[in-house]
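To keep things clear, I will list the structure first and then write my remarks on it.
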Amino acid sequence: MTLLDVRNLSKHFDVHHTGRRIPAFTQLTFQVQAGEFLLVAGPNGVGKSTLLRTLYRTYRPTGGQALYHSLLGSIDLVRAADVDITLLRRREVGMVSQFLRPRPRVTAVDLVAEPLLDDGRPDAHDQAKDLLGTFGLKRDLWTAYPSTFSGGEQQKVNLARALILPARLLLLDEPTASLDAVARTALRERLTQLKKDGTALIGVFHHPEDMAGLIDRALTLRADAAG
Ligand SMILES: Nc1ncnc2c1ncn2[C@@H]1O[C@H](COP(=O)(O)OP(=O)(O)OP(=O)(O)O)[C@@H](O)[C@H]1O
Ligand SMILES: [Mg+2]
């Protein structure tokens, strides 16, 4: 089943202080099936992160179409209203970036449990602790504030928060960059399970070998295609 059907998707940035237009990517066309893992590859600055952020609608695309087949019907991520995007993010579309955004005086376990609490789940905190344990975050840190954590510790919290609710479409931007071997293995196992359950995955990995055997296809972005 096709979950995401992207046609001629383009994004450029207008940089006002230089008066220049920077094309991030131009006229991308690809599909992603349920249970498929698509690797987005290409050199630095070619638009990989921008593509993921555009699909998550952190950025508005500048052209084309991205039809997502949601449980409630098809929706074009390019034109969808912000309220619909908020609902999709809560229920169906997840994104893991490279960095956690810690919030003042919110503990690691509270940050991770939040998506489940929003969903009214009474076992939210137990599940959050389980997942932090799975990613190998030291127990002493579970009730501490992540703003002082190391980069890898913060990323464990970030992953647990992003993966606590199963998404139908999961966007991953270099999630393994700061992870130790335990956390990389835990992430791989989690993604293997999600894929089996039909989650479509679109990911950027600096070391795709971390995900060997899971990746089905690669979409390689090229600098010359961006101009
Ligand atoms: N908010 C923004 N405003 C202006 N230009 C931007 C913005 N975000 C990204 N860019 C530009 O768009 C291009 C693509 O950036 P992007 O972060 O998507 O690259 P990337 O392929 O993820 O690179 P890397 O491998 O280094 O992470 C770059 O030239 C970058 O400078
Ligand atoms: Mg990037």
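Given the condition surrounded by fewer than 17 Cβ atoms within 10 Å (Cβ to Cβ) and within 16 Å of ligand 1 (Cβ to nearest atom), answer yes or no: does some residue in the stretch 152-175 qualify?
For the stretch 152-175, residues surrounded by fewer than 17 Cβ atoms within 10 Å (Cβ to Cβ) and within 16 Å of ligand 1 (Cβ to nearest atom): absent.
From (1) surrounded by fewer than 19 Cβ atoms within 10 Å (Cβ to Cβ); (2) not in a loop (DSSP other than H, G, I, E, B), pick out the condition that doesn't hold for L131.
Here L131 meets the rest and fails (1).
Regarding G42, is this residue within 28 Å of A212 (Cα to Cα), surrounded by fewer than 22 Cβ atoms within 10 Å (Cβ to Cβ) and either free of Cβ contacts under 8 Å to residues at least 60 places away in the same chain or away from ligand 1 (no atom under 16 Å from the Cβ) (or both)?
Considered against the rule, which asks whether it is within 28 Å of A212 (Cα to Cα), surrounded by fewer than 22 Cβ atoms within 10 Å (Cβ to Cβ) and either free of Cβ contacts under 8 Å to residues at least 60 places away in the same chain or away from ligand 1 (no atom under 16 Å from the Cβ) (or both), G42 comes out as no.
Report, by residue number, each residue of the stretch 151-168 that is touching a residue at least 24 places away in the same chain (Cβ under 8 Å) and more than 22 Å from E92 (Cα to Cα). Spell out how you get there, then give the answer.
Of the stretch 151-168, the ones touching a residue at least 24 places away in the same chain (Cβ under 8 Å) are 151-152, 154-168.
Those that are touching a residue at least 24 places away in the same chain (Cβ under 8 Å) and more than 22 Å from E92 (Cα to Cα): G151, G152, Q154.
Looking at (1) in contact with a His (Cβ under 7 Å, 6 or more places away or on another chain); (2) in contact (Cβ under 8 Å) with a residue 40 or more places away in the chain, find the lone condition where G47 falls short.
Of (1) in contact with a His (Cβ under 7 Å, 6 or more places away or on another chain); (2) in contact (Cβ under 8 Å) with a residue 40 or more places away in the chain, only one is false for G47: (1).
What are the residues in the stretch 78-106 that are without any contact (Cβ under 8 Å) to a residue 60 or more places away in the chain and touching a Phe, Trp or Tyr at 6+ places or on another chain (Cβ under 8 Å), if any?
Those that are without any contact (Cβ under 8 Å) to a residue 60 or more places away in the chain and touching a Phe, Trp or Tyr at 6+ places or on another chain (Cβ under 8 Å): L88, R89, P102, P104, R105, V106.
I want to confirm something. Restricting to the stretch 1-19 and keeping residues that are away from ligand 2 (no atom under 16 Å from the Cβ) and closer than 17 Å to A223 by Cα, which single residue is surrounded by the most Cβ atoms within 10 Å (Cβ to Cβ)? Write out each step before concluding.
We begin by selecting, within the stretch 1-19, every residue away from ligand 2 (no atom under 16 Å from the Cβ); these are 1-10, 12, 14-19.
Subsequent filtering for residues that are closer than 17 Å to A223 by Cα retains 8-10, 12.
Details: N8: 13, L9: 22, S10: 17, H12: 18.
Here the answer is L9.
Could you please find all residues in the stretch 50-69 being surrounded by fewer than 19 Cβ atoms within 10 Å (Cβ to Cβ) and either away from ligand 2 (no atom under 14 Å from the Cβ) or polar (S, T, N, Q) (or both)?
T58, R60, T62, G63, Q65, L67, H69 - these are the residues of the stretch 50-69 that are surrounded by fewer than 19 Cβ atoms within 10 Å (Cβ to Cβ) and either away from ligand 2 (no atom under 14 Å from the Cβ) or polar (S, T, N, Q) (or both).
Within the stretch 70-79, identify whether any single residue is surrounded by 16 or more Cβ atoms within 10 Å (Cβ to Cβ) and of a type outside the set (A, V, I, L, M, F, W, C), and answer yes or no. Break it down into steps so the answer makes sense when it comes.
Going residue by residue through the stretch 70-79, those that are surrounded by 16 or more Cβ atoms within 10 Å (Cβ to Cβ) are 70, 75, 77-78.
Of the ones still in play, those that are also of a type outside the set (A, V, I, L, M, F, W, C) are 70.
Within the stretch 70-79 (the criterion being surrounded by 16 or more Cβ atoms within 10 Å (Cβ to Cβ) and of a type outside the set (A, V, I, L, M, F, W, C)), the answer is yes, since at least one residue qualifies.
If F99 passes every condition in (1) surrounded by fewer than 19 Cβ atoms within 10 Å (Cβ to Cβ); (2) under 18 Å from the mean Cα position of the chain (by Cα); (3) within 17 Å of T199 (Cα to Cα) but one, which one does it miss?
The single condition F99 does not satisfy is (3).
Out of (1) touching a strand residue (DSSP E or B) at 6+ places or on another chain (Cβ under 6 Å); (2) exposed (fewer than 15 other Cβ atoms within 10 Å of the Cβ), what's the single condition that is false for D123?
Failing condition for D123: (1).
Any read-out appearing in this document is the output of simple, stated calculations on the displayed coordinates, not a laboratory observation. Keep in mind it's a predicted model, so treat the numbers as computed, not measured. In this analysis, Cβ positions are derived from the backbone assuming ideal geometry, glycine residues included, and neighbour counts consider all displayed protein chains.
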